Each structure stands twice: as C-alpha cells, then as structure tokens.
Amino acid sequence: MTTTPRNPRLKSLPATPNTPLAAHPTAARMTGGEPKGVAGGVPVAVRPDSQVGDGRRVVGFLRISAPGRNARPAAESFCSCGRHETARGQARVLALIDDHAVHRATCPIQAEGRTAA
C-alpha cells in the first residue's frame, strides 16, 4: 500500500525574499474620469453659495408675541444701531410699540435706507 504524504503544517510564516523586486506594484485602475451622477461640465469641488442678494438687509424689527387667553404679551424691539429693548405686559408692550415707531423715524441708520430708495 502506498501512502501519500500529508501536508506538513506550517509552524511559521514562509521566508520572504529580500530582493527589491519582491513585491510587484499593481497598475492603477483606469476610471471614467468623473464621478457617476455628475453632469458633464459641472465642477466637482464645492464652491461658495453663488446666490447674490439684492442688497437689502435687516436694519430693525419689532417682534410682538401675544399668547392665548390670560397670558402676558411680550415684545422685542431691535435696531442695528445697537438698540435692543424688551417689554412684558400689555401697558409696557404698547409703550414699546410707540417707542419703536419714534426710534424708526429718528434713527440715522434706518433713515438712510429710506432716503436711498
């Protein structure tokens, strides 16, 4: 009876060659050039938002919140000149509304927008 020798078990890693050409680099894969899903001529890099405003900006606002029944109303008046006022309660909110209207008429920042238009 002939017996075939069994595969010897490897107890350690096989020896690696010390020559410089031991590892052959693989060639770079050629791809289509542009990622899929991108239309032709569209740049891939992210660019800043190209939406151009019409030159308007918020100079001042009056925000009034009047919640439901038996709740105190609140108001906030803001101007880009540095004015920022708040009020709570009906009497104070009404006074702030009047004060905001007066400030709007006299503030040089808000007046310059009306004269330019």
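The table for this structure:
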| quantity | calculated |
| --- | --- |
| Cβ crowding within 10 Å averaged over residues, with 100-110, 75-85 ranked highest first | 75-85, 100-110 |
| Calculated FRET efficiency for the pair residue 65/residue 104, C-beta based, R₀ 25 Å, to 0.05 | 0.80 |
| Neighbour net charge for residue 78 - beta-carbon separation under 15 angstrom, K R +1, D E -1 | +1 |
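Taken together, the values in this text are just the output of simple stated rules run on the coordinates, not laboratory data. Here the structure is a predicted model, which means the values were calculated and not measured. When we count neighbours, we look across all protein chains shown, and the Cβ atoms used for this are built from the backbone with ideal geometry, even at glycine.
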